[in-house]
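Report on the structure given below.
A short reminder: the numbers here are calculations on the coordinates, not readings from a lab. A quick note: this is a predicted structure, and the numbers were derived from the prediction, not measured. Cβ: placed from backbone, ideal geometry, glycine included. Neighbour counts: every protein chain shown.
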Amino acid sequence: MRTWRFTLLVYFLVLTTLTHWPTMDPLGPEHPSPDKLAHFLAMGILTILVERSRMLPRSWLAIVCVVVWAWVDEWTQGLASSQRDASWSDIIAGWLGVMAAGVVLMALRPPKAASNTSPWRRVEATIDVMVARGGGGVLAAAVASLVCIVSFPLWFAFFWNALGWSQASICVLLSLATGLVTAAPLILRSWNRGGGPSWPLPQPAVWLLAPGGVLLGWWVNQTLLAAGLAGLGWSMMVLGAVDGLAIAVRLGWIRAERVSV
C-alpha cells in the first residue's frame with residue numbers, strides 16, 4: 001500500500017507539472033499532437049493509482065475524484081500559463097480515460113459470492129504483492145515505461161520518414177504495446193512469484209466484444225464530431241476496446257468460477 005501511495009504522489013506531481021507547463025510542441029507544428037489520447041491515458045492511470053492507494057473509503061470515490069480533478073486540472077491551466085487555455089475536448093478525453101479505468105477495476109473486482117480463497121481475490125492480493133518491495137512489479141513497470149518512451153520517436157520516425165504518415169496517436173499506442181511486450185517476461189515472473197492464479201480464457205466468440213467496442217467508439221466519435229468536439233476518435237476507440245476486453249475477461253472468470261453477478 002505504501003508503494004501505491006508513493007507512486008500516486010510522484011505521478012500526480014509530475015502529471016500536474018506537465019499539464020500546467022507552458023505549451024510545448026515537440027513534434028513540430030506540421031504534425032498533429034496526440035493531446036487527447038494523452039489526456040485519456042493520463043487520467044486513466046491516475047484513476048487506477050487513486051483506487052489502489054486505498055485512501056478513500058469506497059472505490060467508486062476514486063472515479064468521482066478524478067472526474068472532478070480532470071476538469072479542475074484543465075481549468076487551472078489558463079491560470080498558470082497564458083499559452084494554455086481550457087478545452088472541453090481535453091476534459092472529455094480525460095473523462096473517457098476515467099471511464100476505461102473504472103471498467104477495468106470493476107471487471108477485476110470479485111463478486112460478493114466469491115469465497116476468500118477464490119482466484120478473484122487472489123488477483124487483487126497478487127497485484128499488491130507485485131508492487132511491494134522485492135515483488136518485481138515496480139521493475140517491470142519501469143522497464144515498460146522506459147521502452148515506451150524510447151520507442152515512441154522510433155515509431156514516429158518510421159511512419160514519417162518511410163511512409164510519410166504523421167500518426168502520433170498510433171505511435172503512442174504502438175509504443176505502449178512495445179513496452180508491455182518487452183516487459184512481459186518480467187511481469188509474468190512477478191505474477192508467478194506473487195502466487196497469482198491462472199487467467200481463464202473466455203469463449204472465442206466473446207472476444208468479438210473488443211472489435212465491436214472499437215466500432216462503437218468510432219460511431220460515437222462521429223456523433224461527437226457533428227457536435228463540434230474533434231480529436232476524440234482514438235480515445236473513443238480505445239475506450240471501446242478496453243470495455244470489450246474487460247467484459248470478455250470478466251465473463252471468462254464467471255464461467256470458470258461458475259458464479260453469477
**Report entry** Helix 88-108 axis, angle to the chain major axis (alpha carbon atoms, nearest 10°)
**Finding:** 10 degrees
Query raised in the report: Where does helix 168-193 land angle-wise versus the long Cα axis of the chain, in degrees 0 to 90, nearest 10?
Result: 20 degrees
Report summary line: With the dipole of the chain defined by +1 on each Lys or Arg Cβ and -1 on each Asp or Glu Cβ, the option from 160, 96, 33 whose Cα lies farthest towards the positive pole is 96
**Report entry** More than 24 angstrom apart: percent of Cα pairs within the chain
**Finding:** 54 percent
**Report entry** Rounded to 10°, Cα long-axis angle of helix 233-257 versus longest principal axis of the chain
**Finding:** 0 degrees
Report task. Treat every Asp and Glu Cβ in the chain as -1 and every Lys and Arg Cβ as +1, leave all other atoms uncharged, and give the resulting dipole magnitude about the Cα centre to the nearest 20 debye. Result -> 1300 debye
Report summary line: Of the residues 186, 220, 245, the Cα lying farthest along the dipole of the chain towards its positive end, which is defined by charges on the beta carbon of Lys, Arg, Asp and Glu, belongs to 186
Report task. Arrange 39, 20 by Cβ neighbour counts within 10 Å, fewest through most, would you? Result -> 20, 39
Report summary line: Each label sits 7 Å from Cα toward the beta-carbon; between residue 128 and residue 154 the label points are separated, in nm, by 3.7 nm
Report summary line: Inter-part gap, Cα centre of the range 143-217 to Cα centre of the range 45-77, in whole angstrom, is 24 Å
Query - Cα-based Rg of the range 110-197 normalised by 2.2 N^0.38 Å, two decimals - result: 1.45
Query raised in the report: What is the order of 16, 223, 178, fewest Cβ neighbours within 10 Å to most?
Result: 223, 16, 178
Query raised in the report: Where does each of 43, 55, 237 land when they are ranked from fewest to most other beta-carbon atoms within 10 angstrom?
Result: 55, 237, 43
Query raised in the report: Percent relative contact order of the chain, based on C-alpha pairs within less than 8 angstrom and at least six residues apart?
Result: 21 percent
